[in-house]
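> Please see the structure below; I have some questions.
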Amino acid sequence: MIVDFQMVFILFSSLFAILNPFGVIPPFLSLTSGYSESEKIKIIQKSMIAAFLILLVSGLLGKYVIAFFGVSIPAIRITGGVLVFIVALEIITGNSTKQKALKSDLPEQCYEVDDISVVPLTIPLYAGPGAISTMIALTAQSSSYIHIMYLTMALIMCIVISYIILRFSKDLEKKLGKVGFNVLTKLMGLMLMAIAVQMLLDGIGGYVGLENSANIIFNNT
């Protein structure tokens, strides 16, 4: 079997933009400032494993859940597009959940190592509602095992790269600086907004019986 690396990359780009591990760095460093390096590594590992399982299960079971409730695929696309658009808008305007976490009044050490790895680091900072709805929308389009395999490969790539980014987050923060992080975050937000608009157009097109020729993200495999 020949792997369609272009499709894998397209799926990876969609997931990576919504997960945005660079945006997790500031709250991660703030929440783990009092932890040792070994504890930080443990937190990152548990967070990435939790994110992988949450997103994979959401993708695999999401279409059955929406089918049970009688929700159509276009409705999921539109809903996902709205959620992703809101997330993108918050990122661009500097009012995202990840940035709000830095302003939280909660003491940095109010979490145990096991607690912080899932809440708030995984949910909602990394794998939030936007990421979950994106996974559901991506898997709901096609039930073929090849499409699921490509999506799983893309998700694994996102998790591995996110792990590396968080693992060396302190070094990245020093090299990029505050301005560099802001520019990078805004660019991710713009890309995410474009994906959100595409999801909305595909959903509307599905309702009116049109096939969007510009759609490459949700193309059947």
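The values are calculated or read from the model by the stated rules, or taken from the named source; none is laboratory data. Quick caveat: nothing in here was measured; it's all calculated off a predicted structure. Neighbour counts are summed over all protein chains in view; Cβ atoms, including those assigned to glycine, are modelled from backbone coordinates with ideal geometry.
> Give the residue that is modelled with the highest pLDDT, with candidates limited to residues of the range 28-43 that are among the hydrophobic types (A, V, I, L, M, F, W, C) and surrounded by fewer than 18 Cβ atoms within 10 Å (Cβ to Cβ). Let's see the steps before the verdict.
To start, the set of residues in the range 28-43 that are among the hydrophobic types (A, V, I, L, M, F, W, C) comprises 28-29, 31, 41, 43.
Those still in the list that are surrounded by fewer than 18 Cβ atoms within 10 Å (Cβ to Cβ) too: 29, 41.
Numbers: 29: 89, 41: 95.
Checking each candidate, the answer is 41.
Quick grid of which residues meet (1) buried (at least 20 other Cβ atoms within 10 Å of the Cβ); (2) over 18 Å from the mean Cα position of the chain (by Cα):
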{"position": "122", "(1), (2)": "yes, no"}
{"position": "133", "(1), (2)": "yes, no"}
{"position": "138", "(1), (2)": "yes, no"}
{"position": "143", "(1), (2)": "no, yes"}
{"position": "146", "(1), (2)": "no, yes"}
{"position": "155", "(1), (2)": "yes, no"}
{"position": "161", "(1), (2)": "no, no"}
{"position": "165", "(1), (2)": "no, no"}
{"position": "178", "(1), (2)": "no, yes"}
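> Cβ contacts < 8 Å: first residue closer than 18 Å to residue 127 by Cα and touching a residue at least 60 places away in the same chain (Cβ under 8 Å), restricted to the range 28-44; second residue of a type in the set (D, E, K, R) and part of a helix (DSSP H, G or I), any location; separation 6+ or different chain. Result?
Correct list of pairs: 29/170; 29/173; 44/167.
> Looking at the range 119-145 only, could you name the residues that are in a loop (DSSP other than H, G, I, E, B) and more than 10 Å from residue 83 (Cβ to Cβ)?
119, 120, 127, 141, 142, 143, 144, listed by residue number.
> Show the residue pairs that are 6+ apart or on different chains and have beta-carbon atoms under 9 Å apart, the first residue being within the range 55-67 and free of Cβ contacts under 8 Å to residues at least 40 places away in the same chain and within 15 Å of residue 15 (Cβ to Cβ), the second being of a type in the set (Asp, Glu) and loosely packed, with under 12 Cβ neighbours inside 10 Å.
Short answer, once both residue conditions are applied: none.
> Only one residue in 195, 148 is at pLDDT 90 or above and either under 26 Å from residue 40 (Cα atoms) or not aromatic (Phe, Trp, Tyr) (or both), so which one is that?
Details: 195 fails: at pLDDT 90 or above.
Exactly one residue qualifies, and that residue is 148.
> Considering only the range 149-185, state which residues are of a type in the set (Phe, Trp, Tyr) and either on the phi > 0 side of the Ramachandran plot or outside any helix (DSSP H, G or I) (or both). Give the derivation first.
Step one: of the range 149-185, the residues of a type in the set (Phe, Trp, Tyr) are 150, 163, 168, 181.
Passing the criteria: only 168.
Quick grid of which residues meet (1) assigned to a helix (DSSP H, G or I); (2) surrounded by 15 or more Cβ atoms within 10 Å (Cβ to Cβ); (3) not aliphatic (A, V, I, L, M):
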| site | (1), (2), (3) |
| --- | --- |
| 10 | yes, yes, no |
| 26 | yes, yes, yes |
| 45 | yes, no, yes |
| 64 | yes, no, yes |
| 76 | yes, yes, no |
| 81 | yes, yes, yes |
| 87 | yes, yes, no |
